[in-house]
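Structure, as structure tokens:
The values are calculated or read from the model by the stated rules, or taken from the named source; none is laboratory data. Every value quoted in this text rests on a predicted model; they were computed, and no experiment measured them. Cβ atoms come from the backbone with ideal geometry, glycine included; neighbour counts cover every protein chain shown.
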Amino acid sequence: MDFKRADRVADLIRQELSGILRREAHDPRIANITVTDVKLTDDLRSARIYFVELGRDRQSEGVERGLARAKGFLRRELGRRLQLRYVPELSFFYDPSFEYGARIERLLREIGKDETDDQPDR
């Protein structure tokens, strides 16, 4: 398989950023953040970081402000750990796919419950 360099670097950024958030970020607003995906431009200058908050179906208040405040720290730490000429500019985006998946799972459980309630007792 042929992988673009941007894809390999994006995966490396995702791994490193997850570790930094888990071990070194002390802001309680971003303590439960999980990085789900990183999309990196081909020139490696800009990274779109997708995240979810563990244990929540929706993004809680203050997470974006916490990430905005920690952006410089996170970028500096990535620069120390990665052997890149330029550290990409980081942009954070909430990943709605987990919310969508949780909604589908809830609906399927409700359908299953309704079907078992409709069956006559034997």
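Of the residues that sit in segment 78-98 and are touching a helix residue (DSSP H, G or I) at 6+ places or on another chain (Cβ under 8 Å) and in contact (Cβ under 8 Å) with a residue 60 or more places away in the chain, which one is nearest to Ser18 (Cα to Cα)?
Restricting to residues being touching a helix residue (DSSP H, G or I) at 6+ places or on another chain (Cβ under 8 Å) and in contact (Cβ under 8 Å) with a residue 60 or more places away in the chain, the top hit is Leu78.
Return the residues of segment 87-114 that are aromatic (Phe, Trp, Tyr) and at pLDDT 80 or above; say none if nothing qualifies.
Phe92, Phe93, Tyr94 - these are the residues of segment 87-114 that are aromatic (Phe, Trp, Tyr) and at pLDDT 80 or above.
Quick one: Asp2 ticks every box in (1) touching a strand residue (DSSP E or B) at 6+ places or on another chain (Cβ under 9 Å); (2) at pLDDT below 90; (3) among the charged types (D, E, K, R) except a single one, so which number is it?
Asp2 satisfies every listed condition except (1).
Could you grab the pairs with beta carbons closer than 9 Å, sequence gap of 6+ or different chains, first residue in segment 99-116 and under 25 Å from Ser60 (Cβ atoms), second one surrounded by 10 or more Cβ atoms within 10 Å (Cβ to Cβ) and among the polar types (S, T, N, Q)?
Listed pairs, sorted by first residue: Glu99/Gln59.
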